[in-house]
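To start, the structure under review is shown below, and the notes come after it.
Quick note: the coordinates plus some simple rules give every number you see, no bench work behind them. This structure is a prediction, so every number in the text was calculated from the model and none was measured. Please note: Cβ atoms are built from the backbone with ideal geometry, for glycine as well, and neighbour counts cover all protein chains shown.
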Amino acid sequence: MLTRDDVAGLDRLFSHIRPETARILDKALSGGEVTVEEGIHLFGLRGVELWALVATADELRRRTVGDVITYVQTRNITFTNVCYTGCRFCAFGKPRHDPDAYTFSLEEIVERAREARSWGCTEVCLQGGLNPQLPATIYFEIVEAIKSAVPEIHIHAFSPFEIQYGSARLGISHEEFLRRLKDLGLGSIPGTAAEILDTDVRQRLTRNKLSAEAWVEIITTAHRVGLPSTSTIMYGHIDTPVHWARHLDLIRRIQRRTGGFTEFIPLGFIHERTLLYREDGARPGPTGMEDLKMHAVARLMLNADIPNVQVSWVKLGYKMAQMCLSAGANDFGGTLHDEYISRAAGETAGTHTSPETFQRLIRDLGRIPAERTTLYEVMHVYA
């Protein structure tokens, strides 16, 4: 119980918060829209103001989605690491003659999906490099083969980069490509390859092989044809808080147009083995304080439009993931089983998390674990 002296001490502590910061936090708690300029201000907070931001985001999370923290049982199937693009931030893609290059056969992909279902997974997540050696119809073949073998599993697959590449190879529109995938059984797409939706930054990251405009067009087309997606940001490299706030605002505006985003996932840059860090002068990923700010500001800017904010335990590690789940996030992500893209860049958090581990870490926060589907239908609450 707080004493009179405790209350007086708290008053003195919070008297250090600037009026502009207090105004923005009060506005967010009252349901007001946090603007780009206000988001930039929040990304600059330090000290007691940062902890006021974290507390505000956590309270807003509690009011919006309650105390349940969800997760999904999923298996990653990265079916090829052969890629011709040479993105500077990626250490996963390999030239086809590289001794570490690989490509799974359809039979191997299907077997991994069967195994995933036998382990209790409700989803398989498929992404791969842009491999010119594979047939132009490979994306259709993968979805059709998995659905024939494991019809009950949700297929969450193919980033906007892959969709751009696949449709171009077949000479068809993004819409036709996506409709054919949906008809074959694709359930949703990952909103990866967003990185930072800014032309200048993307030019250095990917030589703009997938422009910000193309990413938005593909995502909105997917939503229009009935394929929901995640939304993401990759931060902590050659970007700034200005880029972060603008990116969040763009994601928010897309959601208001389409309603197709299931969640927002901040993805911290993993730097160790990337050319972007080793040769191009990128920062060595975000700091812990930047991780907290990203999840908290995302909650404040997106709360009314995208209520689910997910932590990437692969990028953050378990302890920092717990911190971000106390800073506005409400979803622990997936069990993954075979996560290799981040690992290739140098992360060390592992490639699999069991449901029991998720449940232990969630209960440690005083929150309630629950298993969900890809589309955020709660399957089981572990009260």
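Considering only Thr35, Ser105, Gln127, and ranking their Cα positions along the charge dipole of the chain that arises from unit charges at the beta-carbon of Lys, Arg, Asp and Glu, the one farthest toward the positive end is Thr35. Here's the picture: charge each Lys and Arg Cβ at +1 and each Asp and Glu Cβ at -1 in segment 68-381, and of Thr353, Gly288, Ala321 the one pushed furthest to the positive end of that dipole is Gly288.
In summary, the chain shows an alpha-carbon radius of gyration equal to 0.99 times the 2.2 N^0.38 Å reference for compact globular proteins. Pairwise inverse Cα distances across segment 298-339, averaged and inverted, put the Kirkwood hydrodynamic radius at 10.8 Å.
Multiplying the residue separation of Glu141 and Glu20 by 0.36 nm and removing their Cα-Cα distance gives an extension gain of 38.1 nm. About the centre of its Cα atoms, the chain shows a dipole size close to 280 debye [charges on the beta carbon of Lys, Arg (+1) and Asp, Glu (-1) only; nearest 20 debye].
Here the convex hull built on the C-alpha positions of segment 72-169 has a volume of 107 cubic angstrom per residue.
Which order do the peptides 150-157, 101-108 take when ranked by the mean count of other beta-carbon atoms within 10 Å per residue, highest first?
Values: 150-157: 19.1, 101-108: 13.8.
Result, highest mean Cβ count within 10 Å first: 150-157, 101-108.
When both bridge partners sit in the chain, DSSP labels roughly 15% of those beta bridges antiparallel. In terms of the mean number of neighbouring beta-carbon atoms within 10 Å, the peptides 288-296, 194-202 order highest first as 288-296, 194-202. I need the calculated FRET efficiency for the pair Ala55 and Tyr382, taking r as the beta carbon distance and R₀ as 22 Å, to the nearest 0.05. My answer for the efficiency is 0.25. Over the chain, dividing the summed -39,500 (n - 2.57) contributions of all DSSP H runs of at least 4 residues by the number of residues returns a 222 nm mean residue ellipticity of -14500 deg cm²/dmol. Our coupling estimate for segment 26-32, obtained by passing each phi through the Karplus curve with A = 6.51, B = -1.76, C = 1.60 and θ = phi - 60°, is 4, 4, 5, 5, 8, x, x Hz, Gly and Pro reported as x. Packing around the peptides 125-131, 329-335, 366-372, taken as the average count of other Cβ atoms within 10 Å per residue, puts them in this order, highest first: 329-335, 125-131, 366-372. Identify the residues of segment 196-224 with backbone N under 15 Å of a label point that sits 7 angstrom from the Cα of Ala168 along the Cα-to-Cβ direction, or state none. The answer is 203, 206-218. Remark: spin-label model distance Glu111-Asp67 equals 4.7 nm, labels positioned 7 Å along the Cα→Cβ axis.
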